[in-house]
Amino acid sequence: MAAASGLQPRLLSSFAGDRLLPSRLPLPHLFGYKTGGGHHVSMRFSRALSGLTNLVFNRRIVEEVPNAKRKRLLPGKLSPRRPVPDNILKPPYVDSRQSPGISSGAEVHDEMGIECMRASGRLAAQVLQYAGTLVKPGVKTDEIDEAVHQMIIENGAYPSPLGYGGFPKSVCTSVNECICHGIPDSRELEDGDIINIDVTVYLNGYHGDTSATFFCGDVSDSARKLVQVTKECLDKAISICAPRVELKKIGKTIHDHADRHRYGVVRTFVGHGVGRVFHADPVVLHYRNREGGRMKLNQTFTIEPMLTMGSINPVMWDDDWTVVTEDGSLSAQFEHTILITEGGAEILTQC
């Protein structure tokens with residue numbers, strides 16, 4: 001852990017690229033995994049030490065994991081990248097050699113844009129709902145990716161994560177202590193696992209982004225409570241959204257509820273504007289903060305709290321994506337894309 005002590009915290013979107021586009025936000029609040037030097041983001045080691053990170057955190061004895069019946073999460077084998085038909089509209093970052101960044105400016109839509117966002121959000125919700133039905137002991141996370149990929153392209157959309165900053169799959173599958181960005185692989189789900197499935201689709205030029213945490217088989221009461229409270233945090237945060245409301249109220253609402261149940265709130269990853277681009281202003285913090293900014297009518301953004309049973313410090317694997325809790329404690333996440341309306345907020349990513 002000493003090797004990470006000198007690293008400065010960074011706030012990341014749930015998908016962050018290697019380069020940053022101009023933004024009005026101060027540097028610590030920009031989205032991005034790499035800062036241009038040999039060191040990476042909060043709790044991430046230099047590349048020279050990343051193998052040591054995996055050695056230390058993935059080979060702990062079972063007794064060191066909060067749930068003694070659960071083994072530490074380990075990476076599996078990856079299947080080849082799945083193809084997308086040429087006739088499907090792809091986001092600009094797919095064909096560009098440049099890594100994506102963050103777009104400056106809020107995603108505020110006209111009537112046509114709102115309808116496009118509703119369509120992409122609805123499809124994302126349907127795909128997520130279907131993916132959740134596949135969660136059973138013995139199912140490989142790669143099999144979930146295959147099913148999600150097929151459903152998205154059959155509906156004329158592109159799976160937004162595929163090719164984003166080098167991400168190799170069409171969906172994120174984050175199991176147990178994985179906070180986010182788990183890469184689907186050959187690992188089979190086990191009885192008692194919890195798994196967050198994060199789906200984003202690009203339909204007719206607009207992204208719809210959503211995630212939920214699902215139970216696999218017989219899940220412990222403590223894990224169920226963590227998942228329930230995380231969902232409640234999201235619901236409570238959405239309920240306070242409306243035009244001119246301060247964005248910082250989202251973080252306070254989430255943090256207050258998590259505190260009542262003694263769960264940690266991950267600070268490194270944030271919600272974000274979404275629409276014509278995958279990631280845009282504003283940064284949506286899930287913890288108490290003093291940031292400025294207010295919600296705008298017809299604006300779309302995500303809220304995606306991540307709660308943990310223990311440490312909120314993330315450690316990144318050698319794959320440059322998978323992020324796990326420092327102490328192996330369970331983590332859960334829920335996410336919706338919302339539209340700010342005159343009456344409050346419309347959830348776009350629900351069936």
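The values are calculated or read from the model by the stated rules, or taken from the named source; none is laboratory data. Computed from a prediction, not measured in an experiment: that's the story for all the values here. A quick note on method: Cβ atoms are made from the backbone with ideal geometry, for glycine too, and the neighbour counts reach across all protein chains shown. Surface areas here come from the heavy atoms of the whole protein model, side chains and all, with no ligands, DNA or RNA. Shrake-Rupley method; radii C 1.70, N 1.55, O 1.52, S 1.80 Å.
Here is how the numbers come out for the structure above:
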{"read-out": "For His109: the one exception among (1) in contact with a strand residue (DSSP E or B) (Cβ under 9 Å, 6 or more places away or on another chain); (2) open to solvent by 20 Å² or more (accessible area, probe 1.4 Å)", "value": "(2)"}
{"read-out": "Residues of region 242-252 that turn out to be under 21 Å from the mean Cα position of the chain (by Cα) and surrounded by fewer than 23 Cβ atoms within 10 Å (Cβ to Cβ), as a count", "value": "4"}
{"read-out": "Residue that is surrounded by the fewest Cβ atoms within 10 Å (Cβ to Cβ), among those in region 165-195 that are outside any loop (DSSP other than H, G, I, E, B) and either modelled with pLDDT under 95 or of a type in the set (Gly, Ala, Ser) (or both)", "value": "Gly166"}
{"read-out": "Single unsatisfied condition, Lys231 versus (1) basic (Lys, Arg); (2) in contact with a Gly (Cβ under 9 Å, 6 or more places away or on another chain); (3) not in a loop (DSSP other than H, G, I, E, B)", "value": "(2)"}
{"read-out": "Residues being closer than 11 Å to Val199 by Cβ and open to solvent by 10 Å² or more (accessible area, probe 1.4 Å) - total across region 126-144", "value": "5"}
{"read-out": "Contacts under 6 angstrom Cβ, first residue in region 339-351 being among the hydroxyl-bearing types (Ser, Thr, Tyr), partner surrounded by 23 or more Cβ atoms within 10 Å (Cβ to Cβ), 6 or more apart", "value": "Thr349/Gly121; Thr349/Ala124; Thr349/Gly208; Thr349/Thr210; Thr349/His336; Thr349/Thr337"}
{"read-out": "Residues of region 204-215 satisfying the condition of being touching a strand residue (DSSP E or B) at 6+ places or on another chain (Cβ under 7 Å) and open to solvent by 40 Å² or more (accessible area, probe 1.4 Å)", "value": "Phe214, Phe215"}
{"read-out": "Residue among Asp198, Asp235, Asp218 that is closer than 27 Å to Lys140 by Cβ and open to solvent by 20 Å² or more (accessible area, probe 1.4 Å)", "value": "Asp218"}
{"read-out": "Region 110-134 residues that are of a type in the set (Val, Ile, Thr), paired with ones that are open to solvent by 20 Å² or more (accessible area, probe 1.4 Å) (beta carbon under 7 Å, 6 or more apart)", "value": "Ile114/Asn298; Val127/Met151"}
{"read-out": "Residue within region 94-106 that is part of a strand (DSSP E or B), among the hydroxyl-bearing types (Ser, Thr, Tyr) and crowded, with 17+ Cβ neighbours inside 10 Å present", "value": "yes"}
{"read-out": "Only one of Val148, Val94 that is modelled with pLDDT of 95 or more and among the aliphatic types (A, V, I, L, M)", "value": "Val148"}
{"read-out": "Any hit, region 260-278, residues being part of a helix (DSSP H, G or I) and open to solvent by 30 Å² or more (accessible area, probe 1.4 Å)", "value": "yes"}
{"read-out": "Test: residue in region 145-153 that is open to solvent by 20 Å² or more (accessible area, probe 1.4 Å) and within 23 Å of Ala345 (Cα to Cα)", "value": "no"}
{"read-out": "Residue tally, condition of a type in the set (Gly, Ala, Ser) and surrounded by 21 or more Cβ atoms within 10 Å (Cβ to Cβ), over region 330-351", "value": "3"}
{"read-out": "Checking Thr141 against (1) farther than 20 Å from Ile179 by Cβ; (2) of a type outside the set (Gly, Ala, Ser); (3) at pLDDT 95 or above, the condition it does not meet", "value": "(1)"}
{"read-out": "Residue tally, condition closer than 19 Å to Asn204 by Cβ and touching a residue at least 60 places away in the same chain (Cβ under 8 Å), over region 136-184", "value": "12"}
{"read-out": "Failed condition for Cys116, given (1) closer than 20 Å to His336 by Cβ; (2) out of contact with any Leu (no Cβ under 8 Å at 6 or more places or on another chain)", "value": "(2)"}
